[in-house]
1. When 239, 116 are ordered from fewest to most other Cβ atoms inside 10 Å of their Cβ, what list results?
2. Starting from the Cα gyration tensor of the range 140-200, take the square roots of the eigenvalues, sort them a ≥ b ≥ c, and report rounded, prolate or oblate (rounded when a/c is under 1.5, otherwise prolate if a/b is larger than b/c, else oblate).
3. Please give, to one decimal in nm, the separation of the simple spin-label points placed at residue 44 and residue 160, each 7 Å out from Cα toward the Cβ.
4. If neighbour count is taken as other Cβ atoms inside 10 Å, put 135, 73, 112, 165 in order from fewest to most.
5. Sort 37, 55 by Cβ crowding within 10 Å, fewest neighbours at the top.
6. Can you tell me the 0 to 90 degree angle between the C-alpha axis of helix 3-16 and the longest principal axis of the chain, rounded to 10?
7. Quick one: helix 169-180 against the long Cα principal axis of the chain, what's the angle to the nearest 10°, folded into 0 to 90?
8. Using alpha carbons only, how many angstrom separate the centre of the range 1-34 from the centre of the range 183-205?
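Quick note: the coordinates plus some simple rules give every number you see, no bench work behind them. Predicted, not measured: the structure shown is a model, and the values here were computed from it. Ideal geometry is used to build each Cβ from the backbone, glycine not excepted, and the neighbour counts take in all protein chains shown.
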């Protein structure tokens, strides 16, 4: 049975038995592109697919779909299809009490990597994040589709991160200011990120004390650095922020740099377990957690 067939069979069972009200998965749109889809009835199941273009991190849609229902009704429950990296996002969201574990049925898929379509029409290539990735099985799943694929003998080194960390502080400042200056403040990075789930975004408030909503360099720098620090110890490395950026700013590189710093300082990797990151739980001497 193919991954697509297995996902459809499990989704059909969940909907027919009314275990969930919705299945969040992937479909192929009318232009031939794989995109997120929301399935509410068994007769829609044939829309679900699994292929090498299932790049979207579908956990981004969970908080909005799992809002508390009407008084007297049980909270909504949905199923979501996840890749291994995506499954770690659920751990972070659970640790932050965004929803209850009983509200989500996780359909995890063994992943051989996601392909990037070539803009010049050439043969698709494995995404850079997948060439570095050691995760091939989800860390959290109620159902697992597929067997663990074998890893390549050698994974690609993160050469971009090595070059960044070899720079002096002044060189890094110059590099990032040049990148941030191209930002158009479209917020696509924020919208694609499962960890950007604040009810009111600080960086889109017209009365913010810290940063305006304009596109001057200082405001763009505040937006990107503020968002990066907000994600430190929380980013699970799906790189959806970088994929959707219309200006091709290496946002994922900034997140990987902070993730490496957190790992070096605390030995912590976001989403491996449903626990809060150390940057919000480490206390100074004499402090007591309430």
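1. Final ranking by Cβ density, sparse to dense: 116, 239.
2. Oblate.
3. Computed distance between label sites residue 44 and residue 160 equals 3.5 nm.
4. Placing the least packed residue first, the sequence is 73, 165, 112, 135.
5. The fewest-first ordering by Cβ neighbours comes to 37, 55.
6. 70 degrees
7. 50 degrees
8. What the calculation gives is 29 Å, centre to centre.
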